[in-house]
Amino acid sequence: MLSLEDLIDMAINVLVITIKYEDLHSKRPTLDGYADAGNRLIVLDISLRDNPRHHKCVLAEEIGHILFPPRPGHLAYHMQGYYQLDSYDRSSIKAVVSQDERKAIQWATIFLIPDIELDKSIADGKKTIYEFAEIFEVEKWFMLFRLNFYKRQNRQNGRKTKLKDIVIRK
Amino acid sequence: MKIFSHRLKELRKEKGITQEDLGKIVSVGKSTISQYESRISRPDHEIFNMIADYFNVSTDYLYGRTDIRETPERKILDLPLQENTLVDALLRITSIVAEYGLSKTTMFHMMKKAVEKFGVPMADGYETEPAAHLSGPNMPGTGAFKEDDEN
């Protein structure tokens, strides 16, 4: 399993990505980071350094954005004027952003939690989502994405999987 | 000991390097390498591993416990990449690393090989924009995964 240090090492030394830490929360409290694929740059909020698990998940997702360069629309989506646009523009921008986000997060979750490890963990028995997250050292939201992608992958392969058969509800 | 000395000399000659060169690589003197090759002394564990790594052979081969030179990792490293893109190759690499319990060095080596082959993808036919990661609900693409999906 890749640790945060391995992920940082990989980003810097293998993919030649520059990682910077800035106080992004002072600009926008919910902004944890952004990826600029054109300049191969990832900027993360400094608070992530105090939360290694969140740091790992956000960094993996941002690396996903570098590997799937985001299409135009992301800036407009996050600007204040977004809601002044007409509904047609808004929906097309949202569709582009959603697709790009999904590509990045899908890659990130499968990269950090390979099928083979997830299969082993599922075969070990039903667990709560927190136990799964603990095993793979990721956050709950990240683990949920992974399990949902797992469900989709199985469905594409003709196997129907329900989350309630894998995860214990608490 | 006899086999080690013989194989060390053989590998060094195959590589076309002198005892002095090998000494520099594993941080010992020329005379120490000469002693290894003449069965006067034997290397400690660390140097032994360094020699095996340098010649890309398994330590078992150096000890004479096997005649197979290559380490399992080396065999995997030499396999050609069958994926068509870097993103797929990286996913495959982490999967192989998890399956065979390979080292971090091997994983990075494989990843570098993939990057060399495919390069990091660039925006094709459009101008890319920075993508933000927001915590909280204001993130499209996540709508399909509500808390209900846990059930």
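Here, each number is a calculation from the coordinates, and none is a lab measurement. In this text, all values refer to a predicted model and were calculated from it rather than measured experimentally. For neighbour counting, all protein chains shown are included, and Cβ atoms are generated from backbone atoms with ideal geometry for every residue, glycine included.
On a C-alpha basis, how far is the centre of segment A:53-88 from the centre of segment A:139-170 in Å? Whole number, if you could? Their Cα centres are 24 Å away from one another. When the inverse distances between all different Cα atoms of chain A are averaged and flipped, the Kirkwood radius reads 17.4 angstrom. Rounded to a whole number, what is D in µm²/s for segment A:1-96 from Stokes-Einstein with the Kirkwood radius over alpha-carbon pairs (10 °C, 1.306 mPa s)? So the translational diffusion coefficient is about 109 µm²/s. Ordering B:122, B:3, B:54 by Cα displacement along the dipole of segment B:1-131 toward the positive end leaves B:3 in first place; charges were set at the Cβ atoms of Lys, Arg (+1) and Asp, Glu (-1). Only one residue of A:48, B:106, B:86 has its Cα farthest out toward the positive end of the dipole of the protein assembly as shown, where Lys and Arg carry +1 and Asp and Glu -1 on Cβ, and that residue is B:106. Summarising the overall dimensions of segment B:74-118 from its C-alpha atoms, the Rg and Dmax are 9.4, 25 angstrom. Among the helices of chain A, those built from whole DSSP H runs whose Cα atoms reach 30 Å or more along their own axis and whose mean Kyte-Doolittle hydropathy is at least -0.5 are A:87-112. For chain A, the mean residue ellipticity at 222 nm estimated from helices alone is -16000 deg cm²/dmol, where every DSSP H run of n ≥ 4 contributes -39500 (n - 2.57) and the total is divided by all residues, rounded to the nearest 500.
Counts of other chain beta carbons within 10 angstrom of each beta carbon in peptide A:100-109 average 3. Ranked by the mean number of other Cβ atoms within 10 Å of their residues, highest first, the peptides A:60-67, A:96-103, B:102-109, A:152-159 fall in the order A:60-67, A:96-103, B:102-109, A:152-159. Net charge dipole, chain A: roughly 1000 debye, given to the nearest 20, about the Cα centre with Cβ charges of +1 for Lys and Arg and -1 for Asp and Glu. Quick one: putting +1 on the C-beta of Lys and Arg, -1 on the C-beta of Asp and Glu, what dipole do you get for the protein assembly as shown around its Cα centre, in Debye to the nearest 20? So the magnitude is around 860 debye.
Remark: the protein assembly as shown is approximated by an ellipsoid whose semi-axes, taken from the C-alpha gyration tensor as √(5λ), come to 47, 23, 17 Å, largest first.
Out of every Cα-Cα pair that segment B:2-70 contains, those further apart than 17 angstrom amount to 32 percent.
Look at the stretch B:97-108: the mean tally of other chain Cβ atoms within 10 Å of its residues' Cβ atoms is 3. Using R0 = 35 Å, the C-beta based FRET efficiency linking residue B:9 and residue A:13 works out to 0.45.
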